[in-house]
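Chemist: Here it is: the structure, laid out below.
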Amino acid sequence: MPPARHSIAVASGKGGVGKSTVALNLALAFRDRGARVGLLDADFYGPDIPLMVNLKRDSMLERWDFWRGGEVRLDPVEQYGLKLMSVGFLLGERQSLPFNAMSLVMALRQFTDGTDWGDLDFLVIDLPPGTADLQEQVTQVLQLSGAVIVVGPQDAAHLDAKRVVELFQLRRVPVLGGVENMSGLVCPHCGETIDVFPRVADDRSLWTLGVRLLATLPIDPAIVGNGRGPLLVSAPESEQAERFRALASEVAAALN
């Protein structure tokens, strides 16, 4: 059983489209609505959530009881009003994860079933990019309420995202909609929107599959972060923060 009333996967077909940034700020936007929210960093290949919330571990945690077959309960880390779990909390900042595919599955089950999440309204799951074994396991371990797909404006991002949509459709996970991140740059001098990346042709976009566009997020240094925490913490009154709150409202409406 999922540890929350709604479990939402945030996925992308390729890396570098800002999936983790969207997942973190979406979770914070749910928090702003008064919800109890957890964020599971399931991107074991590149766990960036600890860095994004200004938390890191200098050395590896020695207790790997769940890997050795023992039974252990983990407590999520709490930051910014969120309950967080990431393999990045168990590793040194520059340390690689020496796990094979089976070990990753065991770790995933520990982070879901073996973690004391408490009562949650939303569990946001930051998936690794692509459609490999770990993404498949998430659809089996958790009874997902839905998925949000993050794309960039480029053809390659939309093409790879279509493969992710097919994975969720095969596993009967509702695709709630998509977010186009890095969708142009608003010039701070003239206000004109500039397409930094070449845009996908309309007939090749993710939206041709019937995926609903939930939000467009322009390139903005404030979203990327400035060492003061994620956007909804460092600039909660900004226009970009309102975009994430509107996204949370759209996702909540799609769930209902």
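Chemist: Could you pull out every residue, at least 5 positions away or on a different chain, whose amide H is within less than 5 Å of the one on Val175? Hs are placed 1.01 Å off N in the peptide plane, and Pro or chain starts have none.
Modeler: Close amide H contacts, sequence-distant or interchain: Ala147.
Chemist: Once the other residues with Cβ under 15 Å from the Cβ of Gly210 are scored (Lys, Arg +1; Asp, Glu -1), what is the net sum?
Modeler: Every neighbour counted, the sum reads 0.
Chemist: Thinking of the chain as a set of Cα atoms, what percent of all their pairs are more than 28 Å apart?
Modeler: In whole percent, the share of Cα-Cα pairs in the chain beyond 28 Å is 30.
Chemist: Further question: Once phi is turned into θ = phi - 60°, what whole-Hz ³J(HN,Hα) does the Karplus curve with 6.51, -1.76 and 1.60 give for every residue of the range 79-90, x standing for Gly and Pro?
Modeler: Running phi through 6.51 cos²θ - 1.76 cosθ + 1.60 with θ = phi - 60° gives 8, 6, x, 10, 9, 10, 9, 7, 5, x, 7, 9 Hz.
Chemist: 7 Å from Cα along Cα→Cβ at both Arg228 and Thr208: what's the point-to-point distance in nm?
Modeler: So the two model labels end up 4.3 nm from each other.
Chemist: Taking N as the number of residues in the range 198-247, what is its alpha-carbon radius of gyration divided by 2.2 N^0.38 Å?
Modeler: 1.45
Chemist: Continuing with the same structure: Give me the one-decimal Kirkwood hydrodynamic radius in Å for the range 147-256, with the sum taken over alpha-carbon pairs.
Modeler: Roughly 15.1 Å, rounded to one decimal.
Chemist: By the scheme Lys and Arg +1, Asp and Glu -1, what is the net charge of all other residues having a beta-carbon under 13 Å from that of Glu237?
Modeler: Result for the neighbourhood of Glu237: -1.
Chemist: Return the calculated 222 nm mean residue ellipticity for the chain, to the nearest 500 deg cm²/dmol, obtained by summing -39500 (n - 2.57) across DSSP H runs with n ≥ 4 and dividing by the residue count.
Modeler: -9500 deg cm²/dmol
Chemist: I would also like to ask the following. Pull up all non-local amide H partners of Val186: gap of 5 or more, or a different chain, and H-to-H distance under 5 Å with H placed in the peptide plane.
Modeler: Correct list: Ile194, Ile219.
Chemist: Still on this structure: For the range 76-183, what's the radius of gyration and Dmax over Cα atoms, in angstrom?
Modeler: 15.2, 41
Chemist: Separate question: Could you pull out the longest piece of the chain with no exposed loop GluC sites (Glu not before Pro) in it, calling a site exposed if DSSP puts it outside H, G, I, E, B and it has at most 16 other Cβ atoms within 10 Å?
Modeler: The reported range is 94-191.
Chemist: How far is helix 239-255 tilted off the main Cα axis of the chain, in degrees rounded to 10, range 0 to 90?
Modeler: The helix 239-255 is inclined about 70 degrees to the chain.
Chemist: Related question: Applying the Karplus parametrisation 6.51 cos²θ - 1.76 cosθ + 1.60 with θ = phi - 60° to the phi angles of the range 156-167, what ³J(HN,Hα) value in whole Hz is obtained for each residue in order, glycine and proline being reported as x?
Modeler: With the stated coefficients, the range 156-167 comes to 4, 5, 5, 4, 5, 5, 4, 5, 5, 4, 4, 4 Hz.
Chemist: Looking only at trypsin sites (Lys or Arg not before Pro) in DSSP loops with at most 16 other Cβ atoms within 10 Å, what is the longest site-free stretch of the chain?
Modeler: 95-170
Chemist: Follow-up question, since we're still on this one. For the residue pair Arg172 and Leu97, what label-to-label distance in nm results when each label sits 7 Å from Cα along the Cα-to-beta-carbon direction?
Modeler: Calculated label separation equals 2.9 nm.
Chemist: May I ask you to list the lysines whose Cα is less than 24 Å away from that of Lys162, ignoring any residue fewer than eight positions away on the same chain?
Modeler: Reachable lysines: Lys14, Lys19.
Chemist: Separate question: With a bin width of 10 angstrom, please list the P(r) values of the range 11-57 as percents of all Cα-Cα pairs, from the 0 bin to the one holding the largest distance.
Modeler: Spelled out per bin, shortest first, that is 24, 54, 21, 1.
Chemist: Something else now. List the residues whose amide H sits under 5 Å from the amide H of Leu120, counting only those 5 or more places along or on another chain, with H placed 1.01 Å from N in the peptide plane.
Modeler: So Leu120 has HN proximity to Arg5.
Chemist: With each label point set 7 Å from Cα along the Cα-Cβ vector, what nm distance links Glu192 and Asp113?
Modeler: 5.8
Here, each number is a calculation from the coordinates, and none is a lab measurement. Bear in mind the structure is a predicted one, so any value in this text is a computation, not a measurement. Every residue, glycine among them, receives a Cβ derived from its backbone with ideal geometry; neighbour counts consider all protein chains shown.
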